[in-house]
Every structure is written in C-alpha cells, then in structure tokens.
Amino acid sequence: MATDEEVLAATRRWLEEAVIGLNLCPFAKSVYVKDQVRLVVSRARHVDGFLDDLDRELALLKTTPADEVDTTLLIHPTLFPDFFVFNDFLNVADEVLQEHELEGVVQIAPFHPDFVFEGEPEGDMSHFTNRSPYPTLHLIREESLGKAIDSFGDTDVIFERNIDVLRKLGPEGWRRLLTAN
C-alpha cells in the first residue's frame with residue numbers, strides 16, 4: 001500500500017504534468033502556483049469515515065477564504081478500487097453538499113484511475129481527461145470557477161482540445177508522462 005507521501009507525490013505529478021502540463025484544465029495553474037490547492041489523503045477504512053473526511057473538507061472550504069484554500073483534492077488510495085462503485089458514491093457526496101447547504105457554492109468533480117464516460121469506446125483516450133492516480137474528489141468553489149470561466153471565454157473548446165491532445169499522446173505517452181523521472 002502506498003504511503004501518504006507516495007500518494008501525494010503521484011497526485012502532484014499528475015497535477016503538474018497532466019492537468020497543468022498538458023493544460024487539461026486551464027484554470028488549475030493559477031491556484032496551484034499560489035499554493036491554494038489543498039491535497040488531502042483519506043485513510044478512512046469505511047465509507048462512513050470517508051464521509052466524515054468529506055464533511056471536514058467542506059466545512060474548511062466554507063470557513064476559509066479562497067485566497068488561502070481555493071480548491072481541495074480529497075484522495076482515497078484504497079477505498080474505491082472499482083470505478084462504478086466510486087461513481088455511484090458521487091450521489092452520496094452530492095447529498096453531503098446539500099446537508100452543508102453548499103449547493104451552488106461548491107461542486108464535486110470526480111477523478112479515478114479507471115474513469116470512463118458512458119457511451120465512449122472502452123479504450124478511448126477521452127476517459128483520461130478524468131483519470132488520476134487515485135480515486136479523488138475535487139471540491140471546487142463555484143465562484144472561483146465562474147470567474148475563471150468568465151475570463152476564459154468559450155469553455156466548450158477545452159474538452160474537445162483535451163481529447164485531441166490525449167489521443168495524440170496515446171496510452172503509452174500517458175504512462176510515460178506519469179512515471180518519468
């Protein structure tokens with residue numbers, strides 16, 4: 001089992017090389033270089049414990065200014081090995097947002113090593129837009145996201161561009177990107 005340090009190192013590498021390096025999210029670099037991205041490894045042994053971790057992170061976002069913590073990646077290296085179980089868990093995570101009265105304030109974006117978009121061919125590189133080293137919930141402040149989108153313009157081009165970049169990179173290029181020293 002990977003240590004917290006190894007999980008964080010792999011996640012940082014993914015952020016730096018894929019998300020920022022390939023510009024998969026044009027909004028990520030500005031908050032990352034300002035050290036406003038919080039990375040948290042959960043070691044909860046059960047879903048209930050992970051929900052407690054999610055509660056804590058949402059409460060922190062609710063009470064902490066965005067210029068200190070703009071976004072959080074809540075990572076669990078072992079609890080969700082199956083993507084479809086993780087995907088189903090997102091419904092529960094959305095209910096937690098409601099309980100915290102954070103609908104419209106925070107949104108949750110899912111990332112998983114085996115992420116798949118429904119209706120896309122199994123081996124298509126489009127899935128890699130949401131593939132991360134470990135199952136991860138990205139807790140995003142909607143106000144910050146809105147500002148970034150407003151300054152960017154047509155965001156529809158982002159997804160299309162990402163798929164093109166990832167298809168050109170291919171599975172072997174992706175593997176090298178995340179494992180090269």
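The values are calculated or read from the model by the stated rules, or taken from the named source; none is laboratory data. As the structure is a prediction and not an experimental result, all values here were calculated from the model. For neighbour counting, all protein chains shown are included, and Cβ atoms are generated from backbone atoms with ideal geometry for every residue, glycine included.
Is it the case, given these coordinates, that G104 is surrounded by 12 or more Cβ atoms within 10 Å (Cβ to Cβ) and not hydroxyl-bearing (S, T, Y)?
So G104 does not fit the description; no.
For F117, which of the numbered conditions (1) buried (at least 16 other Cβ atoms within 10 Å of the Cβ); (2) aromatic (F, W, Y); (3) part of a loop (DSSP other than H, G, I, E, B) fails to hold?
Only one criterion is unmet by F117, namely (1).
Residues T78, T155: which one is β-branched (V, I, T), out of contact with any Asp or Glu (no Cβ under 8 Å at 6 or more places or on another chain) and in contact (Cβ under 8 Å) with a residue 40 or more places away in the chain?
Only one candidate qualifies: T78.
Checking the structure you have, find out if any residue of region 132-150 is loosely packed, with under 13 Cβ neighbours inside 10 Å and farther than 22 Å from Y32 by Cα.
No: region 132-150 contains no residue that is loosely packed, with under 13 Cβ neighbours inside 10 Å and farther than 22 Å from Y32 by Cα.
Hey, among L79, L139, L166, which residue is in a loop (DSSP other than H, G, I, E, B), among the aliphatic types (A, V, I, L, M) and at pLDDT 95 or above?
L79 is the lone residue from the list that is in a loop (DSSP other than H, G, I, E, B), among the aliphatic types (A, V, I, L, M) and at pLDDT 95 or above.
Quick grid of which residues meet (1) touching a strand residue (DSSP E or B) at 6+ places or on another chain (Cβ under 9 Å); (2) among the charged types (D, E, K, R); (3) part of a helix (DSSP H, G or I); (4) free of Cβ contacts under 8 Å to residues at least 24 places away in the same chain:
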| position | (1), (2), (3), (4) |
| --- | --- |
| P26 | no, no, no, no |
| R38 | yes, yes, no, no |
| R43 | no, yes, no, no |
| E57 | yes, yes, yes, no |
| L60 | yes, no, yes, yes |
| V69 | yes, no, no, no |
| F84 | no, no, yes, yes |
